[in-house]
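These notes concern the structure reproduced below.
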Amino acid sequence: MGMDSEKNSLCRLQCSYASLDEAFEIGKETYRGQQYSQIYFARLHLMRTLLYSLVSQWKPQTPVCTVLGLEQGKECVIVGTLYKHMKLKPCILDEYSKERSAVPLVRPHNFMHDDDYLVLEDESGRVKLGGDIISPSVFVTGIVVALHGKETGAGDFSVLEVLEAGLPPQIEFPLKSREDKYIVLVSGLNVGSSDSNPLQLQLFIDHITGHLGDEKEQSIASQIVHVVIAGNSIGIPRGLVNGQNLASKDLSRIAEPIKELDILLNQIAAGLPLDIMPGPNDPANFSLPQQPLHRCLFPGSAAYNTFRSCTNPHSFEIDNIRFLGTSGQNVDDLEKYSDAKDKLEFMERTLRWRHLAPTAPNTLGCYPYTDSDPFFIESCPHVYFVGNQDKYESRVIKGSEGQFVRLISVPKFSESGVAVVVNLRDLECHALSFGTQFSS
């Protein structure tokens, strides 16, 4: 290591770090064959208590009813879980149906149809929702809301107004520091896949560890205090993982990308605190919350105390600034069953619904919790990021009680060559782009 690099590593800024992943760890849970209804009951109970406290200010003069207690023509407020009836939603039984050809062809990335409609249900019953106020294209199954309206002669509930939970309370943003400190967010490294560019990845690592550029570049690199890798770090060839017994030569081909990733992470962890989250393509459990990638996969990196294998979703605090992020499954699933102008709008909705993964367990795999719902967002993050997206996007949203949230869509690095840098001083962020092509 040269003197400049050595000096740079000694001068790297420090920060405080606290992991808040305990709610997403399922080690203490016991599976006893329970079904998924209990997570819905837990969600409804949790959210209904919250919504009742908001309804008293929202519609103080309007009575609150259960679905069974509705009376025709009488205005009231009902609180329950939305269910979205979708004509084109894939059904496992279709695979065994003799009339599979009769199922209409749909775009594989979205299952919405003009005939979709919403139903609200609580423990007492369910009622179909009508009116132009509540749009099926915006909502998905699993959201708990309060609705103001009245029952019609046809037995539907005509919605006049919708009350969502809104952004949760937020811990106070710390007083602005005078020095810049940066967090680097990256996802979709896909080491070992055909998309992965080893030179591009090495440029990224050399840049953030201060081994590239002049003194000014190294000075900026020394202000990077943390790196988060948000899923899909490993690209195992799909043809190998097909449920069949593998030949010994194929076993080594599966292990190769993991060894290669460990060598790369080793370089980062030697100089920087590093969090790695599992993603849908990584060797971790499929259902959310995904548990940390096992440390035995990373014999080199795991030797450093700067290396942390984390859950997905991942929540943590750095210098009292709260971060919350996923590897992308929650937003990708929302895109299949609802509509928005961009990924950031889906992200904003999850915060306003106070639920990180509303489509779990309906269309998104999750653990069958019995008395809790870990995806309920109790405290509003300052930075909310989602990995493995098609492009980098970012904006700030503000809540009614002064909440301030930086939303970040982190692109797949193997396809875009883009990482995202967040400044802890003011939560401003920018893209860090690496290219290896020479212009002719």
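Might you list the cysteines of the chain that have no disulfide-compatible partner by the rule of another cysteine's Cβ under 4.7 Å?
Cysteines lacking a close Cβ partner in the chain: C11, C15, C91, C296, C310, C366, C380, C429.
Counting Lys and Arg as +1 and Asp and Glu as -1, what is the net charge of the other residues whose Cβ lies under 13 Å from the Cβ of F298? Before the final figure, lay out each step's value.
Working: positive: K259, R295, R308; negative: E260, D262, D275, D282.
Spelling it out: positives minus negatives among the neighbours equals -1.
So what's segment 29-92 giving for Cα Rg divided by 2.2 N^0.38 Å, two decimals? Could the numbers behind the result be given before it?
Details: Rg = 16.2 Å, N = 64, 2.2 N^0.38 = 10.7 Å.
Segment 29-92 yields a ratio of 1.52.
About the Cα centre, and with charges only on the beta carbon of Lys, Arg (+1) and Asp, Glu (-1), how big is the dipole of segment 241-319? Nearest 20 debye, please. Before the final figure, lay out each step's value.
Values: 5 positive and 8 negative charges, 57 e Å.
Rounded to the nearest 20 debye, it is 280 debye.
P(r) of segment 304-440 in 5 Å steps, Cα pairs, percent per bin?
2, 8, 18, 21, 20, 15, 9, 4, 2, 1, 0, 0, 0
Hey, what's the Kirkwood Rh for segment 348-409 if you take every pair of different alpha carbons, in angstrom?
Details: mean 1/r = 0.0760 Å⁻¹.
Here the Kirkwood hydrodynamic radius works out to 13.2 Å.
Taking Rg and Dmax of the Cα atoms in Å as the quantity of interest, determine which of [x] 32.4, 107; [y] 21.1, 66; [z] 23.9, 82 was computed from the displayed structure.
The value matching this structure is [z].
Taking 8 Å as the Cα distance limit and 6 or more residues as the minimum spacing, I'd like the relative contact order of segment 248-301 as a percentage. If you can, show how the numbers build up before the last one.
Working: 33 pairs, mean separation 23.1, N = 54.
Computed over segment 248-301, the figure is 43 percent.
Looking at the chain, send over the antiparallel percent of its DSSP beta bridges, to the nearest 5. Can you show the working numbers first?
Details: 46 of 75 bridges.
About 60 percent, rounded to the nearest 5.
With an 8 Å Cα cut-off and a minimum separation of 6 or more residues, compute the relative contact order for segment 204-361 in percent. Each step should come with its number before you reach the end.
On the way: 208 pairs, mean separation 30.0, N = 158.
19 percent.
Any idea what the relative contact order of the chain is, in percent, if you count C-alpha pairs under 8 Å spaced at least 6 apart?
Numbers: 897 pairs, mean separation 89.6, N = 440.
This gives 20 percent for the chain.
Give me the Kirkwood hydrodynamic radius of segment 185-277 in Å, from all C-alpha pairs, to one decimal place? Walk me through the numbers on the way to the answer.
Working: mean 1/r = 0.0688 Å⁻¹.
By the Kirkwood definition, the hydrodynamic radius is 14.5 Å.
Would you please give the FRET efficiency between S135 and F173, computed as 1/(1 + (r/R0)^6) with r the Cβ-Cβ distance and R0 = 25 Å, to the nearest 0.05?
Working: r = 34 Å, r/R0 = 1.34.
The computed FRET efficiency comes out at 0.15.
Which of the lysines could a cross-linker span from K341 if the Cα-Cα distance has to be under 19 Å and same-chain partners fewer than 8 positions apart are dropped?
Filter leaves K391, K398.
For K128, which lysines qualify as cross-link partners when the Cα separation must be under 25 Å and same-chain residues fewer than eight apart are set aside?
Cα-Cα hits under 25 Å: K59, K74, K84, K87, K89, K150, K336.
Can you order the peptides 121-131, 80-90 by their average number of other Cβ atoms within 10 Å per residue, highest first? Mind dumping the intermediate values first?
Details: 121-131: 16.5, 80-90: 18.7.
Descending mean neighbour count gives 80-90, 121-131.
Regarding segment 373-437, what's the average projected area of the Cα-atom convex hull, expressed in nm²? Walk me through the numbers before you get to the answer.
Details: hull surface 23.2 nm².
Its Cα hull, projected and averaged over all orientations, spans 5.8 nm².
Nearest 5 percent is fine: what portion of the DSSP beta bridges confined to segment 347-436 is antiparallel? Present the calculation step by step, with values, prior to reporting the outcome.
Numbers: 12 of 17 bridges.
The answer is about 70 percent antiparallel.
Run the numbers for K28 and D339: contour at 0.36 nm per residue of separation, minus the present Cα-Cα distance, in nm. Don't skip to the end; give the middle numbers.
Details: separation 311, 0.36 × 311 = 111.96 nm, distance 3.67 nm.
In short, 108.3 nm is gained.
Helix by helix, which DSSP H runs in the chain go 27 Å or more along their axis at the Cα atoms and have an average Kyte-Doolittle hydropathy of -0.5 or more? Mind dumping the intermediate values first?
Numbers: long enough: 37-58 (30 Å, 0.38); 248-269 (31 Å, 0.01).
Both cut-offs are met by 37-58, 248-269.
Reachable lysines from K249, Cα under 18 Å, same-chain residues fewer than 8 places away excluded?
Those lysines meeting the cut-off are K259.
Kindly identify segment 180-239 as rounded, prolate or oblate by the Cα gyration tensor criterion: order the square roots of the eigenvalues as a ≥ b ≥ c, call it rounded if a/c is under 1.5, otherwise compare a/b with b/c, prolate if a/b is larger, else oblate. List each step's numbers first, then the result.
Numbers: a/c = 5.03, a/b = 1.96, b/c = 2.56.
In terms of gyration-tensor shape, oblate.
Taking 0.36 nm per residue of sequence separation and subtracting the Cα-Cα distance, how much length would be gained by fully extending the chain between I263 and T152, in nm to one decimal?
Working: separation 111, 0.36 × 111 = 39.96 nm, distance 6.51 nm.
This chain segment gains 33.5 nm when fully extended.
Determine the sum of side-chain charges near E75: Lys and Arg each +1, Asp and Glu each -1, restricted to other residues whose C-beta is under 14 angstrom from that of E75.
Around E75, the charge tally is 0.
Computed from the coordinates by the stated procedures, all read-outs in this text should not be read as laboratory data. Because the structure is a prediction, the values reported are computed rather than measured. Ideal geometry is used to build each Cβ from the backbone, glycine not excepted, and the neighbour counts take in all protein chains shown.
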